[in-house]
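The values are calculated or read from the model by the stated rules, or taken from the named source; none is laboratory data. Nothing here was measured: the structure is a model prediction, and the numbers come from that model. Backbone-built Cβ (ideal geometry, glycine too); neighbour counts: all protein chains shown. Surface areas here come from the heavy atoms of the whole protein model, side chains and all, with no ligands, DNA or RNA. Shrake-Rupley method; radii C 1.70, N 1.55, O 1.52, S 1.80 Å.
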Amino acid sequence: MMDVIVAGGGPVGMMTAALLHAAGVTVEVYERDCEINPQSRATTLHPRTLEVLTMLDHGQRRISDVLVAEGIQVPHAHFAMLPQQLDYRDLDTPYPYLLTIPQWRTEQLLAEHLHAHAIAVHRGAEVTEVEQSADEVRIRVGETWRTARYLVGADGAHSLTRKATGIDFVGTTPNVAVFAADVHLTEPMSSSQFFWSPVAGHAATVPLPGGIYRVFGAEIADAGLTAEQVRRRQAEQFTLADLREALIRICGRDFGVHNPVWLSRSSNSGRHAEHFREGRIMLAGDAAHVHLPAGGQGLNVGLQDATNLAWKLAAEVNGWAPERLVGGEAGYDRERRPVAQRLVANTLAQDALMHTFSDAGAALREMVGGLIARHGEVSGELSGWLSGLAISYQRPDAAHPLVGTKAPDIPLAEGNLLRALRPDRFLLLDLSGDLPHVVSARVDVTVVTRRPTGWDGVAVALIRPDGHVAYAAEGYDGLSEAISAWTEPRHQPAHLGEL
Ligand SMILES: Cc1cc2nc3c(=O)[nH]c(=O)nc-3n(C[C@H](O)[C@H](O)[C@H](O)COP(=O)(O)OP(=O)(O)OC[C@H]3O[C@@H](n4cnc5c(N)ncnc54)[C@H](O)[C@@H]3O)c2cc1C
């Protein structure tokens with residue numbers, strides 16, 4: 001029997017399959033569409049996403065290397081399309097920028113990775129039914145039923161997996177219809193432009209690779225609608241003429257938009273799955289959360305879901321997962337559902353800032369923009385959140401303050417931390433140079449050659465396969481118990497020599 005079936009071969013499904021395979025799990029993907037979706041959709045990769053894409057190879061390089069070589073590096077990110085932007089240049093990452101690259105290219109590279117590693121992706125294969133028992137999951141594709149030990153539902157916003165499993169999708173109903181288009185302009189721009197008017201609406205133009213621009217926004221008449229009105233607006237065809245007229249009303253000119261590649265309307269519905277796991281079935285990506293496309297976060301948070309999920313599920317499949325990883329304090333649902341809740345909350349906040357077309361809305365924008373412009377705590381918090389770098393997981397009360405945080409890309413005796421991560425291995429970092437000999441089947445020991453900022457006094461740190469700090473301490477007492485607690489189902493103490 002297959003270990004894991006992934007329903008949905010979008011970016012999140014492919015990333016999950018790639019990491020599961022790298023951890024020694026047998027996995028196959030069932031995807032409804034015959035080809036990769038050619039629409040740009042997500043145009044933005046944030047720093048943490050480039051970091052996790054560094055875990056996957058593409059020939060002699062990593063997927064992130066290929067993306068960085070092809071995309072446009074933008075040093076600033078926007079929050080609610082405010083003109084005062086967040087500065088990514090000082091972020092502690094090898095990727096201190098937003099990378100503008102169409103989603104289809106990220107998907108293409110993931111598909112090439114799966115192909116190179118002989119991971120089966122069944123295209124034109126729609127999952128129509130899902131069942132689970134105490135021992136297995138079953139999915140129906142056409143006339144056949146396939147069986148596996150676990151199922152990951154990465155089948156997008158309308159996830160059949162989520163519905164068939166009876167998991168609620170809780171959140172807000174939409175009241176704004178937003179437009180988005182990929183077009184050419186006769187007035188080229190070298191950087192993003194933002195327009196907001198309390199009497200007309202808002203719009204933005206963002207340069208993409210290949211001379212194309214993402215143009216998006218909302219008109220005042222499309223805000224404050226009922227859910228039914230939003231649904232009807234989305235069902236109407238959105239044409240180039242509609243886009244031109246909307247831009248003239250909002251910006252006073254249409255920038256010479258022509259040759260559209262893609263035109264669409266979406267909504268500001270913000271929802272997340274009530275549980276990310278039910279028995280042997282897990283949800284990831286848009287299947288687990290949807291929101292207003294604001295700040296380019298959907299694809300990013302989804303790929304980070306996959307990174308959090310894959311190593312834990314692999315540990316469970318391979319029989320060594322301690323309770324804390326299965327349903328305990330470090331379980332997938334316990335760690336990623338709060339991230340989805342905050343994602344929905346921050347996009348709702350952006351929604352209010354973008355779509356409150358009134359003098360009050362203008363005042364709110366001016367105030368928040370002013371706080372961001374100070375480049376202090378507010379912009380630091382927002383940058384940490386949007387970039388994905390400040391997402392940290394629960395830290396037990398007595399634990400070192402680094403526990404749960406994402407480790408920086410620390411220089412190691414050989415290479416750097418991000419390129420040393422493996423989805424089935426922990427890294428034990430020796431920062432003192434006198435770490436006792438450690439014997440554990442799932443831990444690689446490595447020496448740190450340059451101590452990162454904020455790690456003063458730390459002698460040893462255990463890094464999870466997804467790059468977060470599992471344990472850190474200034475001495476070695478408790479190290480063997482910590483290793484066992486993370487890597488053994490029954491917490492047999494690891495053996496430390498010569499303590
Ligand atoms: C206009 C727009 C702009 C966006 N801009 C951004 C942005 O700038 N930045 C950002 O991060 N995100 C953005 N997003 C969101 C981003 O596109 C999604 O978050 C991302 O695609 C989620 O990936 P996923 O793999 O979870 O889901 P999807 O990409 O939806 O993939 C799900 C896959 O499952 C397949 N599938 C569905 N049902 C079944 C079934 N029953 N059986 C088999 N296969 C099935 C689908 O065919 C699809 O390939 C945008 C989205 C839109 C619509």
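A few comments on the model shown:
- Rounded, prolate or oblate (a/c below 1.5 giving rounded, otherwise prolate when a/b exceeds b/c) for region 391-499 by Cα gyration tensor: rounded
- Rounded to 10°, Cα long-axis angle of helix 103-116 versus longest principal axis of the chain: 30 degrees
- Across region 95-100, computed HN-Hα scalar couplings (Karplus, 6.51 cos²θ - 1.76 cosθ + 1.60, θ = phi - 60°) run 10, x, 6, 8, 10, 8 Hz from first to last residue, x flagging Gly and Pro.
- With the simple model of a label 7 Å out from the Cα in the direction of the Cβ, Thr453 to Arg419 spans 2.3 nm.
- Rounded to the nearest 10 degrees, the angle from helix 11-22 to the longest Cα principal axis of the chain is 10 degrees.
- Less than 5 angstrom separates the built amide H of Gly156 from those of Asp286, Ala287, all sequence-distant by 5 or more or on a different chain.
- Per residue solvent-accessible surface (Å²) - the chain, probe of 1.4 Å: 41 Å²
- With a Förster radius of 56 Å applied to the beta-carbon distance between Ala363 and Ala398, the computed FRET efficiency rounds to 0.80.
- Think of it as helices only: each DSSP H run of n ≥ 4 in the chain is worth -39500 (n - 2.57), and spread over all residues that comes to -9500 deg cm²/dmol at 222 nm.
- Relative to the longest principal axis of the Cα atoms of the chain, the long axis of helix 377-387 lies at roughly 80 degrees.
- The chain - percent of accessible surface contributed by carbon and sulfur, probe 1.4 Å: 49 percent
- When peptides 315-328, 209-222 are sorted by average Cβ neighbour count within 10 Å, with the highest value leading, the order is 209-222, 315-328.
- Distance between the pseudo-spin-label points of Glu236 and Glu381 (7 Å out from Cα toward the beta carbon): 3.9 nm.
- Most tightly packed first, judged by the mean number of other beta-carbon atoms within 10 Å of their residues, the peptides 289-297, 444-452, 424-432 read 289-297, 424-432, 444-452.
- Distance between region 11-27 and region 239-267 - C-alpha centres, whole angstrom: 39 Å
- Percent RCO, i.e. relative contact order, over the chain, from Cα pairs under 8 Å lying at least 6 residues apart: 16 percent
- Spin-label pair Asp168/Glu35, simplified geometry with 7 Å Cα→Cβ offset, distance in nm: 4.2 nm
- Per-residue Karplus couplings for region 321-333, computed as 6.51 cos²θ - 1.76 cosθ + 1.60 with θ equal to phi - 60°, are listed in order as 5, x, 3, 4, 8, 7, x, x, 5, 10, x, 4, 4 Hz, Gly and Pro entered as x.
- Placing a label point 7 Å from the Cα of Trp262 along the Cα-to-Cβ direction, the residues of region 179-217 whose backbone N falls under 12 Å of that point are 180-183, 213-215.
- Applying 0.36 nm per residue to the separation of Asn318 and Ala69 and subtracting their alpha-carbon distance, the gain on full extension is 86.0 nm.
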